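Enquirer: Sharing a structure here in structure tokens format.
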Amino acid sequence: MSAPAIHVAEYVILAFVCAGVAYVQRDQLGVLFWVLLVAPDLGLIVAPALGPMPGGGLLPPRAVPIYNAFHTITVPVLLWVAAFVAGVTPWPLLGWFIHISADRALGFGLRGPDGGQALI
């Protein structure tokens, strides 16, 4: 099995595990779960305001840091830890984890400086 196939398989598994945990914790998710499930891509709506859309699936270079910030697993992990320390339920963050995992499983990674797919 190739490295990219293993990478995709890992994210498929992660997405399903997170979805399973979300199902088990469904009474504690609330609206925030659903917001975080779709919110990372809402930044694509404001991308044209940050510069001309180059076309071909590329983002304007000024939109790349915003896109990447919402599509890296680091931010929800840090928020999960902060919620745990603060005694707040972290379960709604599963929506964000599912979104990122599903993106990676479908081959959508972070963006490079030119606005194109840089990493899977």
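The values are calculated or read from the model by the stated rules, or taken from the named source; none is laboratory data. Fair warning: this is a prediction, and the values are worked out from it, not measured in the lab. With ideal geometry, Cβ positions are generated from the backbone for all residues, glycine too; neighbour counts draw on all protein chains shown.
Enquirer: Select from the stretch 36-52 the residues that are surrounded by fewer than 15 Cβ atoms within 10 Å (Cβ to Cβ) and either more than 18 Å from the chain's Cα centre (by Cα) or of a type in the set (Gly, Ala, Ser) (or both) and write down the one among them that is modelled with the highest pLDDT.
Expert: Result: 39.
Enquirer: Let me ask something else. With the requirement that a residue be surrounded by fewer than 16 Cβ atoms within 10 Å (Cβ to Cβ), small (Gly, Ala, Ser) and within 17 Å of the chain's Cα centre (by Cα), what does the stretch 1-18 give you?
Expert: The one that is surrounded by fewer than 16 Cβ atoms within 10 Å (Cβ to Cβ), small (Gly, Ala, Ser) and within 17 Å of the chain's Cα centre (by Cα): 9.
Enquirer: Mind checking which residues of the stretch 79-98 are within 17 Å of the chain's Cα centre (by Cα) and among the polar types (S, T, N, Q)?
Expert: Matches in the stretch 79-98: none.
Enquirer: For the stretch 80-103, which positions are part of a loop (DSSP other than H, G, I, E, B) and either without any contact (Cβ under 8 Å) to a residue 40 or more places away in the chain or under 11 Å from residue 36 (Cα atoms) (or both)?
Expert: Across the stretch 80-103, the qualifying residues are 87, 88, 90.
Enquirer: Something else now. Are there any pairs, at least 6 apart or on different chains, whose C-beta atoms fall under 7 Å, with the first in the stretch 1-29 and touching a residue at least 24 places away in the same chain (Cβ under 8 Å) and the second surrounded by 14 or more Cβ atoms within 10 Å (Cβ to Cβ) and among the basic types (Lys, Arg), and if so, which?
Expert: That search, which allows pairs on different chains as well, returns 11/104.
Enquirer: May I pose another question? Checking residue 83 against (1) surrounded by 13 or more Cβ atoms within 10 Å (Cβ to Cβ); (2) hydrophobic (A, V, I, L, M, F, W, C); (3) within 24 Å of residue 8 (Cα to Cα), only one condition comes out false. Which one?
Expert: Result: residue 83 fails condition (3) only.
Enquirer: Moving on to the next point. Could you check, for the stretch 81-92, whether at least one of its residues is under 24 Å from residue 2 (Cα atoms), in contact with a Phe, Trp or Tyr (Cβ under 9 Å, 6 or more places away or on another chain) and either at pLDDT 95 or above or hydrophobic (A, V, I, L, M, F, W, C) (or both)?
Expert: Taking every residue of the stretch 81-92 in turn, none turns out to be under 24 Å from residue 2 (Cα atoms), in contact with a Phe, Trp or Tyr (Cβ under 9 Å, 6 or more places away or on another chain) and either at pLDDT 95 or above or hydrophobic (A, V, I, L, M, F, W, C) (or both).
Enquirer: Taking the stretch 61-73 as the region of interest, how many residues are of a type outside the set (A, V, I, L, M) and buried (at least 16 other Cβ atoms within 10 Å of the Cβ)?
Expert: Final tally of qualifying residues: 4.
Enquirer: How many of the residues in the stretch 33-66 are in contact with a Lys or Arg (Cβ under 7 Å, 6 or more places away or on another chain) and among the small types (Gly, Ala, Ser)?
Expert: Of the residues in that region, 1 qualify.
Enquirer: Can you name the residue in the stretch 21-35 that is outside any loop (DSSP other than H, G, I, E, B) and of a type in the set (A, V, I, L, M, F, W, C) and, of all such residues, is surrounded by the fewest Cβ atoms within 10 Å (Cβ to Cβ)?
Expert: If we take residues in the stretch 21-35 being outside any loop (DSSP other than H, G, I, E, B) and of a type in the set (A, V, I, L, M, F, W, C), then 31 is surrounded by the fewest Cβ atoms within 10 Å (Cβ to Cβ).
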